[in-house]
Structures are given as structure tokens and as C-alpha cells.
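*Asks:* Just passing along the structure, written as C-alpha cells.
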């Protein structure tokens with residue numbers, strides 16, 4: 001965290017004219033509601049400096065915020081303190097902290113033996129060689145690695161299970177991204193691409209895999225506006241055409257409601273703007289509607 005706070009250059013910093021380019025100061029600013037307080041706090045191994053700019057009677061100072069008023073004073077004080085070399089030191093990296101290459105969507109350290117689980121690689125810091133999991137499962141409010149194990153038929157390369165495996169099935173594994181990300185993922189990262197279709201010899205699964213999910217009736221683009229002088233925010237009610245048990249409703253990517261397909265979804269738009277309403281099932285199938293709410 002200290003390294004992150006040190007990476008932000010001082011206000012008005014320039015490598016050309018500032019001869020103290022190597023000084024190290026971890027700093028952060030803040031501004032209270034209504035411009036009543038402007039803060040800047042900085043520290044290194046030797047000093048901690050705090051600057052507050054405001055009025056004793058707590059009246060606002062419009063346009064006075066931490067980065068513009070308090071931060072320049074913070075660095076003016078820091079530059080005037082003795083032992084200037086203290087500002088140039090960089091704290092040593094703890095021995096139990098290491099940078100490793102991790103894979104998304106699992107969040108686990110990269111393992112060449114499981115290349116299929118690594119859709120994209122990222123750099124991450126670990127503490128005591130522990131790699132934290134990356135993605136949450138929204139509907140369960142828990143963390144998981146997203147790894148799915150399945151079997152495919154040796155000849156058709158389609159998915160089978162113990163009830164329809166003719167004996168030459170092969171074990172496979174893949175990593176699935178969180179369901180809430182599905183509409184924004186590239187095609188090659190979506191569930192329908194990562195998981196092969198069910199073998200026709202598995203009718204219970206094959207039939208369900210072919211199901212689609214659709215929002216009933218409403219056009220692709222919907223425009224809403226308040227009725228006259230009414231103070232009531234406009235709302236939209238949607239329903240689905242699907243045989244799946246549960247669906248998830250998202251507004252601009254935020255999970256809003258979980259319901260059965262028999263239930264309708266009603267959402268009231270308190271603010272004007274453009275919105276995307278998406279319904280999605282556990283299999284990753286989804287349908288969307290664009291909603292424009294006029295002021």
C-alpha cells in the first residue's frame with residue numbers, strides 16, 4: 001500500500017524543473033462534503049505530516065479540495081524538514097511478499113499442467129505464498145474458483161455423464177467466468193463456447209441445453225418518461241420466455257433481482273439516462289433490452 005501511495009507524483013511535479021525527483025513520500029488527500037475540510041496526509045520512515053485547510057466556523061470553502069489546496073502545503077512542509085535523505089529511502093519489500101503470475105478466471109497461480117484454466121494472465125502480489133481467489137459468486141455471496149469438471153464422448157467430443165457414457169468418455173476441465181460477466185465477455189470465454197454441447201444420447205441434458213431465454217413482448221429499445229408533473233419515477237415490467245427454474249436480472253451490469261421464470265421483473269428508474277436490462281440463467285443464456293429514461 002505504501003508503494004502505491006508513493007507512485008503518485010506531487011502536485012505540479014516536473015522531471016525537468018524539480019530536482020527532488022527521487023524523494024519518496026506516501027501521501028493521500030481527502031475533501032469533506034460541501035468543501036468544509038481539505039486534507040492531505042503524508043509519511044515516510046521518519047516523519048508523518050498532516051495538513052488541514054478549512055474555516056474554524058465550519059463554513060464551506062467552495063473549490064478548496066485536498067489535491068488543490070492541502071497537498072501543495074503538505075509537500076512544502078515535507079521539503080523543509082531536516083534529514084532530506086530520509087525522503088529518498090524506499091522501504092524493503094517484506095520477505096513473505098512476492099509477485100506471481102495468476103490466471104483469470106480462477107485467480108490461482110499459473111500452472112503449465114492446467115493451461116485450459118488460464119484464459120488470461122495477470123500479475124498479483126501474494127502474502128506467505130497464498131493466492132487469494134479472484135471472483136465472487138453473486139447469488140451465493142461466496143468465493144470460488146469457477147473450475148468445472150466434465151466428460152466428453154471419445155468419438156463425438158460432446159458432453160456426457162455417467163448415464164449416457166458408452167465407456168470411452170474422457171475427463172476434461174475448464175474454468176468459467178462469473179455469470180454476471182457473461183454478456184460482456186468475448187465469445188471464446190463464454191459458457192456456450194467453453195462447454196461442449198451435450199451428446200444427443202443424453203436427452204435430458206440435450207433438450208435443456210437447446211433452450212433459449214427471451215424477454216417477452218417488449219421491443220429491443222424502450223423509451224420512458226415521467227407522466228406530466230407526476231413525482232413518481234417511471235418503471236418497467238418484464239417477463240421471460242424460458243423453462244429454466246431461476247433467472248437473474250441485471251441493470252447496467254448490477255445484479256438487481258433473482259426470481260423464477262414465472263415471476264415478473266419490475267424496476268423503477270429514479271434517474272434519467274440510458275440503461276441496459278439483462279435477464280440471464282445459470283447456463284449463461286441471456287437477453288437484453290435497452291431503456292432510455294427521459295428527464
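*Asks:* For residue 254, only one of the following conditions fails: (1) surrounded by fewer than 12 Cβ atoms within 10 Å (Cβ to Cβ); (2) within 23 Å of residue 275 (Cβ to Cβ); (3) modelled with pLDDT under 80. What is its number?
*Replies:* The failed condition is (3).
*Asks:* Still on this structure, please answer the following. Count, please, the residues in region 177-192 that happen to be more than 13 Å from the chain's Cα centre (by Cα) and surrounded by 16 or more Cβ atoms within 10 Å (Cβ to Cβ).
*Replies:* Residues flagged as more than 13 Å from the chain's Cα centre (by Cα) and surrounded by 16 or more Cβ atoms within 10 Å (Cβ to Cβ) within region 177-192 amount to 4.
*Asks:* Taking the condition of being modelled with pLDDT under 85 and assigned to a strand (DSSP E or B), how many residues in region 238-251 meet it?
*Replies:* Of the residues in region 238-251, 4 are modelled with pLDDT under 85 and assigned to a strand (DSSP E or B).
*Asks:* Let me ask something else. Between 135, 87, which is closer than 21 Å to residue 190 by Cβ, surrounded by 18 or more Cβ atoms within 10 Å (Cβ to Cβ) and at pLDDT below 90?
*Replies:* None of the other options fit; the residue is 135.
*Asks:* Do the conditions hold for residue 195, that is, is it farther than 22 Å from residue 254 by Cα and modelled with pLDDT of 85 or more?
*Replies:* Against the criterion (farther than 22 Å from residue 254 by Cα and modelled with pLDDT of 85 or more), residue 195 qualifies.
The values are calculated or read from the model by the stated rules, or taken from the named source; none is laboratory data. Small disclaimer: the values here were computed from a predicted structure and weren't measured. Every residue, glycine among them, receives a Cβ derived from its backbone with ideal geometry; neighbour counts consider all protein chains shown.
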